[in-house]
Amino acid sequence: MPKSNSTKLTPNDFSSIFEGLPGDLCPLELSFEMGNRCAEVGFDWNSPDGAKNKIMEELEELEKAASKRDEDEIFWEVGDVLLAAANLARLHGKNPSHALAAALERFSGRFAAVEMRLKNEGRKPTDATLEELEEHWQEVKKKEH
């Protein structure tokens with residue numbers, strides 16, 4: 001019987017595109033790097049709209065899991081939403097970890113301004129209603145622009 005010219009790959013011959021990724025990356029950095037590697041082999045959306053649509057799909061799945069109060073499924077769907085959001089950032093040329101860090105800094109600055117406004121009224125955030133907090137929040141945002 002003649003030998004075949006094709007060779008079968010064994011598990012030892014296999015090399016994943018994810019090999020060599022640093023193990024100490026935060027999850028957002030890891031999602032960014034994994035997304036880049038997937039894009040290099042053609043497993044990516046053609047535009048940010050694909051990632052946006054994926055976010056919408058994952059939000060619907062999250063809503064279904066929440067309506068069933070399925071805690072395990074909620075956990076996985078939240079992760080899927082975050083992964084899709086990280087890919088949306090990547091497709092817009094933004095590092096999701098850097099964008100989140102900047103958003104957190106902006107958020108904390110805004111909330112500190114809300115706290116200061118309340119302090120000037122002789123109040124604390126716990127003394128205010130959600131509506132009052134939101135009103136102060138919107139005023140702080142207006143002053144930024």
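Just a few scattered comments:
- Condition check for ALA85: closer than 30 Å to GLU139 by Cβ, in contact (Cβ under 8 Å) with a residue 24 or more places away in the chain and either part of a helix (DSSP H, G or I) or touching a Ser or Thr at 6+ places or on another chain (Cβ under 8 Å) (or both): yes
- Enumeration of residues in the stretch 91-132 that are surrounded by fewer than 15 Cβ atoms within 10 Å (Cβ to Cβ) and of a type in the set (A, V, I, L, M): ALA101, ALA102, ALA103, LEU104, ALA112, MET116, LEU130
- The residues listed here are GLU58, GLU29; of these, the one that is crowded, with 17+ Cβ neighbours inside 10 Å, closer than 21 Å to ALA101 by Cα and charged (D, E, K, R) is GLU29.
- Which numbered condition ASN46 fails, given (1) surrounded by fewer than 13 Cβ atoms within 10 Å (Cβ to Cβ); (2) modelled with pLDDT of 95 or more; (3) over 20 Å from GLU29 (Cβ atoms): (2)
The values are calculated or read from the model by the stated rules, or taken from the named source; none is laboratory data. Being a predicted model, the structure only gives us computed values, none of them experimental. In this analysis, Cβ positions are derived from the backbone assuming ideal geometry, glycine residues included, and neighbour counts consider all displayed protein chains.
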